[in-house]
Amino acid sequence: MRQWQLAVTCDMWTHEATNTPYITVTSHHINDRWELCASVLATCAMEERKTAANIKLVVYNILEEFGAGRHNNFYVTDNGANIKAAFHDQAWLSCCGHNINLAVSHSLQRKPTETDAGHGEEMGDIQALVNVCKEIVMRVKRKREPKYNTNYQRH
């Protein structure tokens, strides 16, 4: 099997109802036909505290299990201090999707200034649209039943 250089994305979140932290690890590479290939390797509960050392160990174990543990992997994560610290000694890049979300969220939460005069109506429209989107996501999350097993079991 060809050994491609991999981009590895890691995302962490906490389940709202159970307060259980989870991590998902996905690998990405471009094959010989220049097609982007992506595979979700695992989604699993973080049994230990979410320290940099524990995150790194969980991710490396998942990568090793799938034969994707390589010295030249490139990691893309959010800006959480713990996950950044986990890959501080690796090729790492901050996720642009998370960065855009932070920029938009912060701009909508800031207090208006004098330079914003005349744009209050537009900002109100944007905030209303964001609120509608949040409501849609909440309703979909509540109604959706899991269709697959999200528990990652090591063999």
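Summary of values
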| item | result |
| --- | --- |
| Single residue of Ala81, Ala117 found to be surrounded by fewer than 12 Cβ atoms within 10 Å (Cβ to Cβ), of a type in the set (A, V, I, L, M) and at pLDDT 80 or above | Ala81 |
| Residue count for the stretch 26-41, restricted to those that are over 18 Å from Phe87 (Cα atoms) and either in contact (Cβ under 8 Å) with a residue 60 or more places away in the chain or small (Gly, Ala, Ser) (or both) | 2 |
| Yes/no for Ala53 being of a type in the set (A, V, I, L, M), surrounded by fewer than 17 Cβ atoms within 10 Å (Cβ to Cβ) and within 21 Å of Asn101 (Cα to Cα) | no |
| Tally of residues being at pLDDT below 90 and within 21 Å of Glu47 (Cα to Cα) across the stretch 1-13 | 1 |
| Ile23 without any contact (Cβ under 8 Å) to a residue 40 or more places away in the chain, of a type in the set (Val, Ile, Thr), under 24 Å from Ala103 (Cα atoms) and in contact with a helix residue (DSSP H, G or I) (Cβ under 9 Å, 6 or more places away or on another chain) | yes |
| Residue count, the stretch 40-60 (criterion: part of a loop (DSSP other than H, G, I, E, B) and of a type in the set (Gly, Ala, Ser)) | 0 |
| Residue match in the stretch 89-108 (condition: of a type in the set (Phe, Trp, Tyr) and either modelled with pLDDT under 90 or in a loop (DSSP other than H, G, I, E, B) (or both)) | no |
| The stretch 1-20 - residue that is in contact (Cβ under 8 Å) with a residue 60 or more places away in the chain and in a strand (DSSP E or B) and, of those, farthest from Val76 (Cα to Cα) | Met12 |
| Test for Asp125: is it of a type in the set (Asp, Glu), over 25 Å from Ala17 (Cβ atoms) and either at pLDDT 80 or above or out of contact with any Gly (no Cβ under 6 Å at 6 or more places or on another chain) (or both) | yes |
| For Leu6: the one exception among (1) under 26 Å from Arg142 (Cβ atoms); (2) in contact with a Lys or Arg (Cβ under 7 Å, 6 or more places away or on another chain) | (1) |
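The values are calculated or read from the model by the stated rules, or taken from the named source; none is laboratory data. Just so it is clear, the structure is predicted and the values come from calculations on it, not from any experiment. Please note: Cβ atoms are built from the backbone with ideal geometry, for glycine as well, and neighbour counts cover all protein chains shown.
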